[in-house]
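Have a look at the structure below, then the notes.
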């Protein structure tokens, strides 16, 4: 079974600074996908970024980028130029390659990020 | 133009009651899911359906019965509610990994906060 570990339960950062959220995972699968989801106080689950394990290039989405270390099974999220709207719970998630409804997300316990003005 | 809509958003009920949560998606996705987020914010899959067929049933008590009348709808019925059922229940949909594209990811509904008193 796959497991996802987010070891930092909570972090705070000043606006405009850079912050890195850590995530490690354990799997014996070779073909899988990794995601970061954001959950603001509104409760909505929002996809921030995703990475396919077969891609060596780290994914980037505007101010969000990942550091994917496949051998170390590490998938950290870097948020540059933090904004107040980045305040949220952040969840790292794993999905092994599957089809036909078996695409299951396995989540870490989440990390609460607070961006201070 | 809501992509995945759940009703109701809030549900307060007494122990022993039976309740339903409805979910509809207008994205044309083949797969729909129910996830449960407990009081510690941990998210875990409960069920998945692919084209109305149950695919994943993640050791959920049989008091929980999902029903998918068509691929755009997935409802969750809960019998004999218990205090421990209090949680946020998220419906989600995806187009499946076989159609993996640059925007692949789940689309989540806004959640239903169920409180059993």
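The values are calculated or read from the model by the stated rules, or taken from the named source; none is laboratory data. Worth saying up front: this structure is predicted, and the values here are computed from it rather than measured. Backbone-built Cβ (ideal geometry, glycine too); neighbour counts: all protein chains shown.
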Can we say residue B:39 is over 15 Å from the mean Cα position of the chain (by Cα), over 16 Å from residue B:112 (Cα atoms) and not in a strand (DSSP E or B)? no
Given the structure, is residue A:81 more than 22 Å from residue B:35 (Cβ to Cβ) and either surrounded by 20 or more Cβ atoms within 10 Å (Cβ to Cβ) or touching a residue at least 40 places away in the same chain (Cβ under 8 Å) (or both)? yes
What's the number of the condition residue B:90 fails, among (1) within 8 Å of chain A (Cβ to nearest Cβ); (2) part of a loop (DSSP other than H, G, I, E, B); (3) buried (at least 19 other Cβ atoms within 10 Å of the Cβ)? (2)
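Picking from A:115, A:48, which residue would you name as being more than 16 Å from the chain's Cα centre (by Cα) and crowded, with 17+ Cβ neighbours inside 10 Å?
Details: A:48 fails: more than 16 Å from the chain's Cα centre (by Cα).
The match here is A:115.
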Restricting the stretch B:1-18 to residues that are assigned to a loop (DSSP other than H, G, I, E, B) and at pLDDT 95 or above, which is nearest to residue B:73 (Cα to Cα)? B:8
Candidate set from the stretch A:72-104 (those that are assigned to a loop (DSSP other than H, G, I, E, B) and modelled with pLDDT of 95 or more); member that is nearest to the other protein chains (Cβ to nearest Cβ): A:87
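Residue-by-condition table, conditions (1) out of contact with any helix residue (DSSP H, G or I) (no Cβ under 9 Å at 6 or more places or on another chain); (2) modelled with pLDDT of 95 or more:
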position	(1), (2)
B:24	yes, yes
B:46	yes, yes
B:55	yes, no
B:64	no, yes
B:75	yes, yes
B:89	yes, yes
B:96	yes, no
B:106	yes, no
B:115	yes, yes
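Table: residues versus (1) away from chain B (no Cβ under 13 Å); (2) touching a strand residue (DSSP E or B) at 6+ places or on another chain (Cβ under 8 Å).
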residue: A:13; (1), (2): yes, yes
residue: A:16; (1), (2): yes, no
residue: A:19; (1), (2): yes, yes
residue: A:26; (1), (2): yes, yes
residue: A:35; (1), (2): no, yes
residue: A:43; (1), (2): no, yes
Taking the criterion of being away from chain A (no Cβ under 14 Å), part of a helix (DSSP H, G or I) and buried (at least 19 other Cβ atoms within 10 Å of the Cβ), would at least one residue in the stretch B:19-28 satisfy it? no
When (1) crowded, with 16+ Cβ neighbours inside 10 Å; (2) closer than 16 Å to residue B:108 by Cβ; (3) under 12 Å from the mean Cα position of the chain (by Cα); (4) within 14 Å of chain A (Cβ to nearest Cβ) are applied to residue B:76, the one that fails is (4)
